[in-house]
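Engineer: I have a structure here, written as structure tokens, and I will follow up with some questions on it.
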Amino acid sequence: MSNLRTVECERHGPQPETFVCQHIVLSLHTRLPVGFFWPRDAQESRPDAWCGECEARVKETGGEWISTAGEELGVSVLCAACYDEAKELNLKDKIGPRAV
């Protein structure tokens with residue numbers, strides 16, 4: 001039995017849910033890459049992800065999602081297909097892919 005939860009996407013229909021920062025979601029609308037980071041030890045095919053700006057903030061808090069790092073993250077749900085699109089878009093920037 002799968003533990004994956006699904007969401008109903010307007011573009012892709014029912015899809016597994018994923019979690020990203022609000023800035024990655026915004027990049028799907030602006031088409032401007034913002035970076036794409038995820039935990040180095042992630043076992044999921046689509047681990048939680050965040051942008052370069054959020055990565056810089058979390059480094060300031062010693063890797064903890066506290067204070068402004070947590071407040072400005074703005075965790076958002078994307079369907080798996082939108083996640084894949086966001087990952088492809090955001091890996092094109094100079095910040096590059098990073099497993100942290």
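A short reminder: the numbers here are calculations on the coordinates, not readings from a lab. What you are looking at is a predicted structure, and each value in this text was computed from that prediction instead of being measured. In this analysis, Cβ positions are derived from the backbone assuming ideal geometry, glycine residues included, and neighbour counts consider all displayed protein chains.
Engineer: Does at least one position in the range 14-21 carry a residue that is of a type outside the set (Lys, Arg), over 14 Å from the mean Cα position of the chain (by Cα) and assigned to a loop (DSSP other than H, G, I, E, B)?
Structural biologist: No, the conditions are met nowhere in the range 14-21.
Engineer: Separate question: Considering the range 28-49 alone, what residues qualify as being surrounded by 11 or more Cβ atoms within 10 Å (Cβ to Cβ), in contact (Cβ under 8 Å) with a residue 12 or more places away in the chain, more than 17 Å from Lys92 (Cβ to Cβ) and not aliphatic (A, V, I, L, M)?
Structural biologist: Answer for the range 28-49, where residues must be surrounded by 11 or more Cβ atoms within 10 Å (Cβ to Cβ), in contact (Cβ under 8 Å) with a residue 12 or more places away in the chain, more than 17 Å from Lys92 (Cβ to Cβ) and not aliphatic (A, V, I, L, M): Pro39, Arg46, Asp48.
Engineer: Further, regarding this structure: Against the definition (free of Cβ contacts under 8 Å to residues at least 12 places away in the same chain and either touching a Leu at 6+ places or on another chain (Cβ under 9 Å) or surrounded by fewer than 17 Cβ atoms within 10 Å (Cβ to Cβ) (or both)), how does Glu10 come out, yes or no? Don't jump to the end; show me each part of the working.
Structural biologist: Details: free of Cβ contacts under 8 Å to residues at least 12 places away in the same chain: yes; either touching a Leu at 6+ places or on another chain (Cβ under 9 Å) or surrounded by fewer than 17 Cβ atoms within 10 Å (Cβ to Cβ) (or both): yes.
Yes; evaluated as a whole, the condition is true for this residue.
Engineer: While we're here: Within the range 33-72, take every residue that is part of a loop (DSSP other than H, G, I, E, B) and among the polar types (S, T, N, Q) and give me the one that is farthest from Phe19 (Cα to Cα).
Structural biologist: Thr61
Engineer: Taking the range 51-75 only, how many residues are within 20 Å of Arg5 (Cα to Cα) and either surrounded by 17 or more Cβ atoms within 10 Å (Cβ to Cβ) or over 14 Å from the mean Cα position of the chain (by Cα) (or both)?
Structural biologist: 0
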